[in-house]
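The values are calculated or read from the model by the stated rules, or taken from the named source; none is laboratory data. Because the structure is a prediction, the values reported are computed rather than measured. Using ideal geometry, Cβ is built from the backbone for each residue, glycine included, and neighbour counts are taken over all protein chains shown. All accessible areas refer to the heavy atoms of the entire protein, side chains included, with ligands and DNA or RNA removed. Shrake-Rupley method; radii C 1.70, N 1.55, O 1.52, S 1.80 Å.
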Amino acid sequence: MSSFVFDRRPTPLSEEYIKAMQLPDKLPFTKMEGLGNDYVYVWFEDLDSPLTDPCPLAARIADRNYGVGGDGMILIGRSKTADFRMRMFNVDGTEGEMCGNATRCVGKYVYDHGLTDKKSFTLETFGGTRVLDLNVRNGKVDTVRVNMGKPHLHPSELPMDVPGDSFINKEIVVDGQTYLGTAVSMGNPHFVVNLGEHGGVGRLDFAEFGPKFEHHKFFPRRVNTEFIEVLSRDRVRMRVWERGSDETLACGTGASASLVACALNGWTERSAVVELRGGELLIEWADNDIVYMTGPAREVFSGEFNVRG
């Protein structure tokens, strides 16, 4: 007998949780998006205490039917080692290491909200410290160029349970079919699959295949999967399945990983435009091994979230 859950309403935040986290009745937030990759941004001066467990809050506030709605939640606060710090949470409440689109939005948030007057500053993430350069137009941030750091190719750095020092254009079997993929860490795990010989990115059934890559036995902590189609030496089309969030309209770290994979395999130059469903990013893999990402950030609206709602 098949099961059917009629009531899909999320579990409310408990009074014990609200008190332990010292959450206000009305939590100020700002909804922002980078190429359609949308998160709920919340400022906390201290991102560790008393906010010791933000996961339930993230799942509740990012719910698209009963919360503010988004691909997840981004917490912004002060840092002891950089100018600012961010923590990112997926829509299912799990915490991730890094989000490239979110870093651009954080840059816009702290500048436009008067938290800094610097047009270049550092941002601490679980995936490493990033340098953000802001392009300001009419007093507001328009685009942001982010130093995404160096890519890492050793399987242990994703992690990925395979032998060898790298996994570049090697076989992976998913649902009985063999694909060629390249593993790249940009502070978080990515697996780039070129679908040029499989009919292109438009032919893939994401709802079916995305989870099978994400939960493949090669990846003990799951993986973000980029499905790409090389259009020219300086242009790549990409769709992304993000662990914990399903398909999203854009992924900055994923676009960075895709450019690295393309350059490693000789499909493109070391600088290319990556087309995503939400728009375009310029990705550059410089001679010093640093990957740079340039793209827009936009504030959608601000409000207050009823934590007891």
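Residue 61 passes all but one of (1) under 21 Å from residue 100 (Cβ atoms); (2) touching a residue at least 40 places away in the same chain (Cβ under 8 Å); (3) surrounded by 22 or more Cβ atoms within 10 Å (Cβ to Cβ); which number fails?
It is condition (1) that residue 61 fails.
Residue pairs, Cβ under 6 Å, 6 or more apart or interchain, first in segment 164-192 and under 23 Å from residue 285 (Cβ atoms), second surrounded by 13 or more Cβ atoms within 10 Å (Cβ to Cβ) and among the aromatic types (Phe, Trp, Tyr). List them.
Qualifying pairs under 6 Å: 181/191; 183/167; 183/191.
Every residue, every condition in (1) outside any helix (DSSP H, G or I); (2) out of contact with any Leu (no Cβ under 8 Å at 6 or more places or on another chain); (3) open to solvent by 70 Å² or more (accessible area, probe 1.4 Å), yes or no:
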| site | (1), (2), (3) |
| --- | --- |
| 133 | yes, yes, no |
| 166 | yes, no, no |
| 183 | yes, no, no |
| 208 | no, yes, yes |
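Read through the list (1) modelled with pLDDT of 95 or more; (2) under 21 Å from residue 35 (Cβ atoms); (3) open to solvent by less than 10 Å² (accessible area, probe 1.4 Å); (4) touching a strand residue (DSSP E or B) at 6+ places or on another chain (Cβ under 7 Å), then give the number of the only condition that residue 99 fails.
If we test residue 99 against (1) modelled with pLDDT of 95 or more; (2) under 21 Å from residue 35 (Cβ atoms); (3) open to solvent by less than 10 Å² (accessible area, probe 1.4 Å); (4) touching a strand residue (DSSP E or B) at 6+ places or on another chain (Cβ under 7 Å), just (1) comes out false.
Does segment 296-307 contain any residue that is of a type in the set (Val, Ile, Thr), closer than 23 Å to residue 105 by Cβ and in contact (Cβ under 8 Å) with a residue 40 or more places away in the chain?
Yes, because at least one residue in segment 296-307 is of a type in the set (Val, Ile, Thr), closer than 23 Å to residue 105 by Cβ and in contact (Cβ under 8 Å) with a residue 40 or more places away in the chain.
Look through segment 185-206, keep the residues that are open to solvent by 30 Å² or more (accessible area, probe 1.4 Å) and not in a helix (DSSP H, G or I), and return whichever of them is farthest from residue 124 (Cα to Cα).
Restricting to residues being open to solvent by 30 Å² or more (accessible area, probe 1.4 Å) and not in a helix (DSSP H, G or I), the top hit is 199.
Go through segment 23-58 and count every residue that is of a type in the set (D, E, K, R), at pLDDT 95 or above and open to solvent by 30 Å² or more (accessible area, probe 1.4 Å).
The number of residues fulfilling the criteria is 4.
Output the number of residues of segment 102-129 satisfying the condition of being free of Cβ contacts under 8 Å to residues at least 60 places away in the same chain and open to solvent by less than 10 Å² (accessible area, probe 1.4 Å).
The qualifying residues number 3.
Quick one: which strands (runs of 3 or more DSSP E) lie wholly within segment 47-125 and hold at least 2 residues that are farther than 24 Å from residue 189 by Cα and touching an Asp or Glu at 6+ places or on another chain (Cβ under 7 Å)?
120-125
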